[in-house]
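Enquirer: Quick one: structure below, then a few questions.
The values are calculated or read from the model by the stated rules, or taken from the named source; none is laboratory data. Remember, it's a predicted structure, so these values are computed and weren't measured experimentally. Here the Cβ positions follow ideal geometry from the backbone for every residue, glycine too, while neighbour counts run over all protein chains shown.
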Amino acid sequence: MKKYLKLIIILTILLILYLYVANITLMPRSITLLQGEKLELATLWGINLKETETSNRNININKETSVLETSGDIENNKNLEIGKIDMSVNLFDKLTLENITVNVIPKTKVIPLGNSIGLKLYTKGVLVVGMSEIEGVKPYENLGIVEGDRIISINNKEISNTDDLIETVNASKGQQVELKYIKEESNEEITTNITPTKTKENEYKLGLWVRDAAAGVGTATFYEPTTGKFALLGHGITDIDTGNLITIANGELVNSNIISITKGEKGKPGEIKGSIEGQGKIGDVYKNTSFGVFGKAVSTSKLDITQKEMEVLPRNEVKTEKAQIICELENGKKRYYDIEIQKLYLTNNKDNKSMLIKITDKELLEKTGGIIQGMSGSPIIQNGKFVGAVTHVLVNDPTTGYGVFADMMLKAAS
């Protein structure tokens with residue numbers, strides 16, 4: 001009996017230790033807050049937050065709940081800490097377990113857009129999207145390179161596009177070359193050696209299928225006048241072959257034309273089909289994230305800024321009631337369409353499914369059947385304030401889909 005009791009005590013202690021280790025390990029190392037927003041961390045008893053700097057900052061930390069709240073006169077930007085706050089996670093205020101950086105960004109007003117836009121993205125290096133034998137040989141075998149990895153250099157020559165790769169590999173004349181690539185999962189840079197194989201056409205190949213760019217048509221979400229930044233889509237651009245988020249070196253926002261609309265049906269998503277114009281650069285793209293594509297405008301006239309500036313509605317003020325989306329279904333004609341926000345996922349910070357929305361506008365349902373591909377990024381407006389953007393459609397019910405909170409897009413943009 002004593003043996004069982006001792007075992008139970010040991011297992012209980014191990015379980016408690018595991019819970020504490022898991023709680024600390026799962027804490028984010030970097031957090032972004034909007035001005036006036038609370039940070040709530042789920043912590044176990046005895047674990048709390050503490051500011052590491054001695055300077056007097058206008059923040060409040062509740063040690064019992066580990067809630068950090070920025071405070072002050074938001075409207076006039078007074079007495080409010082904006083910038084980096086270094087925090088430590090402590091056990092009973094004695095032992096520092098981990099450090100966390102909290103970045104507080106200022107509250108801002110944005111101009112919701114909703115217009116159809118063209119997008120070109122260029123990868124950092126070339127993306128491996130497939131593999132094949134060359135004359136019965138697999139040059140890449142046992143090197144660890146897989147689909148989704150990015151080749152960045154060969155023999156210390158930077159590889160920026162597929163032409164660079166073809167030229168450099170052919171110049172090897174079949175001699176072993178040094179290849180550097182970045183693992184998609186870990187972002188680790190790896191150096192290895194590979195010997196190109198000669199084909200019947202007297203060319204040299206690695207047996208790797210690669211891609212260096214992506215292009216498409218989507219919907220612009222908002223423009224921020226104070227910084228010149230813009231946001232698109234509400235979700236990231238993924239590679240069609242690997243399904244992975246594309247790591248970009250740069251990109252361009254350009255003009256587009258809507259060609260046709262395919263109406264969505266149950267089990268069959270609809271689509272806005274468009275073409276990208278070669279001329280008319282609107283902005284530079286610098287970031288592709290799970291919460292949208294972001295960049296900086298170079299021509300606001302071409303960005304079609306026709307809406308007034310709007311306040312960004314914090315997620316805790318969004319209501320499950322009527323709202324509207326802005327989107328362009330005919331060239332040069334943006335319109336408001338009625339929707340209903342049916343459900344909110346206020347604690348979700350992991351993905352872009354922040355709210356469940358339903359299209360209720362009869363005209364929009366007649367034109368599109370609901371949410372269709374190409375509408376992602378359409379701004380969601382409630383009571384004259386910017387709430388977020390459309391991100392997904394439910395395949396079995398095209399009238400229903402998801403939207404992402406505005407604060408998540410603003411944080412990703414910063």
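Enquirer: List, please: which pairs have Cβ atoms under 6 Å, are six or more places apart or on different chains, and start with a residue in the range 146-171 that is free of Cβ contacts under 8 Å to residues at least 12 places away in the same chain and end with one that is assigned to a strand (DSSP E or B) and among the hydrophobic types (A, V, I, L, M, F, W, C)?
Expert: Cβ pairs passing all conditions: none.
Enquirer: Which numbered condition trips up K334, out of (1) in a helix (DSSP H, G or I); (2) over 28 Å from L245 (Cα atoms); (3) charged (D, E, K, R)?
Expert: (1)
This table checks each residue for (1) over 19 Å from V217 (Cβ atoms); (2) free of Cβ contacts under 8 Å to residues at least 40 places away in the same chain; (3) touching a Ser or Thr at 6+ places or on another chain (Cβ under 6 Å); (4) not in a strand (DSSP E or B).
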residue	(1), (2), (3), (4)
K302	no, no, no, yes
A323	yes, no, no, no
N349	yes, no, no, yes
F386	yes, no, no, no
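Enquirer: Report yes if some residue within the range 254-271 is closer than 17 Å to T221 by Cβ and under 21 Å from the mean Cα position of the chain (by Cα); otherwise report no.
Expert: Checked against the condition, which is being closer than 17 Å to T221 by Cβ and under 21 Å from the mean Cα position of the chain (by Cα), the range 254-271 yields at least one hit.
Enquirer: Do the conditions hold for I159, that is, is it hydrophobic (A, V, I, L, M, F, W, C), farther than 30 Å from I380 by Cα and in contact with a helix residue (DSSP H, G or I) (Cβ under 6 Å, 6 or more places away or on another chain)?
Expert: For I159, the condition - hydrophobic (A, V, I, L, M, F, W, C), farther than 30 Å from I380 by Cα and in contact with a helix residue (DSSP H, G or I) (Cβ under 6 Å, 6 or more places away or on another chain) - is met.
Enquirer: Residues that are at pLDDT below 80 and crowded, with 19+ Cβ neighbours inside 10 Å: does the range 124-137 have at least one?
Expert: Scanning the range 124-137 turns up no residue that is at pLDDT below 80 and crowded, with 19+ Cβ neighbours inside 10 Å.
Enquirer: So is K302 at pLDDT below 90, surrounded by fewer than 18 Cβ atoms within 10 Å (Cβ to Cβ) and of a type in the set (K, R) or not?
Expert: For K302, the condition - at pLDDT below 90, surrounded by fewer than 18 Cβ atoms within 10 Å (Cβ to Cβ) and of a type in the set (K, R) - is met.
Enquirer: Now, a different point. Under 7 Å between Cβ atoms, at least 6 apart or on separate chains: pull out the pairs that start in the range 261-273 with a residue that is charged (D, E, K, R) and end on any residue that is in a loop (DSSP other than H, G, I, E, B).
Expert: Short answer, once both residue conditions are applied: K263/G270; K263/G369; E265/G369; K266/N396; E271/I372; E271/G374.
Enquirer: Could you say whether any residue in the range 382-396 is buried (at least 24 other Cβ atoms within 10 Å of the Cβ) and over 18 Å from the mean Cα position of the chain (by Cα)?
Expert: Yes, the range 382-396 contains a residue that is buried (at least 24 other Cβ atoms within 10 Å of the Cβ) and over 18 Å from the mean Cα position of the chain (by Cα).
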